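Here's the structure, in structure tokens; my notes come after.
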Amino acid sequence: MVTVEPIRDPQKLAEIKRRLKRRDARYYAFFTLGLNTALRPGDLLKLKAGDVYDEFGKVKSLLFVTAQKTGKRHRIKLNDAAREALEHLWASCGPLKGQDFLFPWTRQHAWRLVNRWCREVGLTEGSYGGHTLRKTWGYMARKYHGVPIELIQAKLGHSTPAVTRRYIGITDDEIEDVENHVNL
């Protein structure tokens, strides 16, 4: 199994979203939901229209997912970005039936898509794939929003803060920041 990187550059992230929104509503929704829910790729691919839309096609405010890996039930607030992407998907591809998969792909296909999208915006160092979206959520939450590592750990379901730091690749960046700032 290849270890993938988070997207560390907010401008690259925004560029991918802009490109996908113009290109394909389903790709845009997948990318945006992956970033904003921090779901594992397998859980994201199992989402059905009925999980996120009510019977009138309105986006629900909460998403309930039972994680494949752990069996734990998660309650996820769909933020503005996720809701906007789902509204865009409904407008482009709707109406969707409750049992329709939102993203009818394999994990391998999702991995290839994310990898390609990252390469298209010049992210050529490192490996990118399905877990990139989940890792990016954790990385951005810590680096740009100052979310404590313990809250990120809880969101991602990790056993220790050390596991979370290693998973999102924040440790090396924080050490480098300290090295840059401490000039004795």
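The values are calculated or read from the model by the stated rules, or taken from the named source; none is laboratory data. Everything numeric in this text was worked out from a predicted model, so none of it was measured. Note: ideal-geometry Cβ built from the backbone for every residue, glycine included; neighbour counts use all protein chains shown.
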Counting only residues that are more than 13 Å from the chain's Cα centre (by Cα) and under 19 Å from Ile168 (Cβ atoms), region 119-130 contains a total of 4
Filtering region 58-88 for residues that are more than 19 Å from the chain's Cα centre (by Cα) and at pLDDT below 95 leaves a count of 1
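Listed here are the residues, each with its yes/no results for (1) surrounded by 14 or more Cβ atoms within 10 Å (Cβ to Cβ); (2) more than 20 Å from Leu13 (Cβ to Cβ); (3) touching a helix residue (DSSP H, G or I) at 6+ places or on another chain (Cβ under 7 Å).
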{"residue": "Val59", "(1), (2), (3)": "yes, yes, yes"}
{"residue": "Val65", "(1), (2), (3)": "yes, yes, yes"}
{"residue": "Gly71", "(1), (2), (3)": "no, yes, no"}
{"residue": "His74", "(1), (2), (3)": "yes, yes, no"}
{"residue": "Ala82", "(1), (2), (3)": "yes, no, yes"}
{"residue": "Leu86", "(1), (2), (3)": "yes, no, yes"}
{"residue": "Ser92", "(1), (2), (3)": "no, yes, yes"}
{"residue": "Lys97", "(1), (2), (3)": "no, yes, yes"}
{"residue": "His109", "(1), (2), (3)": "no, yes, no"}
Counted residues in region 124-176 being in a helix (DSSP H, G or I), in contact (Cβ under 8 Å) with a residue 12 or more places away in the chain and over 21 Å from Thr70 (Cβ atoms) come to 6
Please verify whether region 49-70 includes one or more residues that are in contact (Cβ under 8 Å) with a residue 24 or more places away in the chain, assigned to a loop (DSSP other than H, G, I, E, B), more than 22 Å from Gly169 (Cα to Cα) and aliphatic (A, V, I, L, M).
yes
Practice item. Would you check if there is a residue in region 93-110 being modelled with pLDDT of 95 or more, touching a Phe, Trp or Tyr at 6+ places or on another chain (Cβ under 8 Å), under 20 Å from Gly42 (Cα atoms) and among the small types (Gly, Ala, Ser)? Key: yes
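Going by what's in this entry, would Ala91 be described as part of a helix (DSSP H, G or I), within 14 Å of the chain's Cα centre (by Cα) and not polar (S, T, N, Q)?
Criteria not met by Ala91.
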Within region 1-54, of all residues that are at pLDDT below 95 and among the hydrophobic types (A, V, I, L, M, F, W, C), the one nearest to Asn115 (Cα to Cα) is Val2
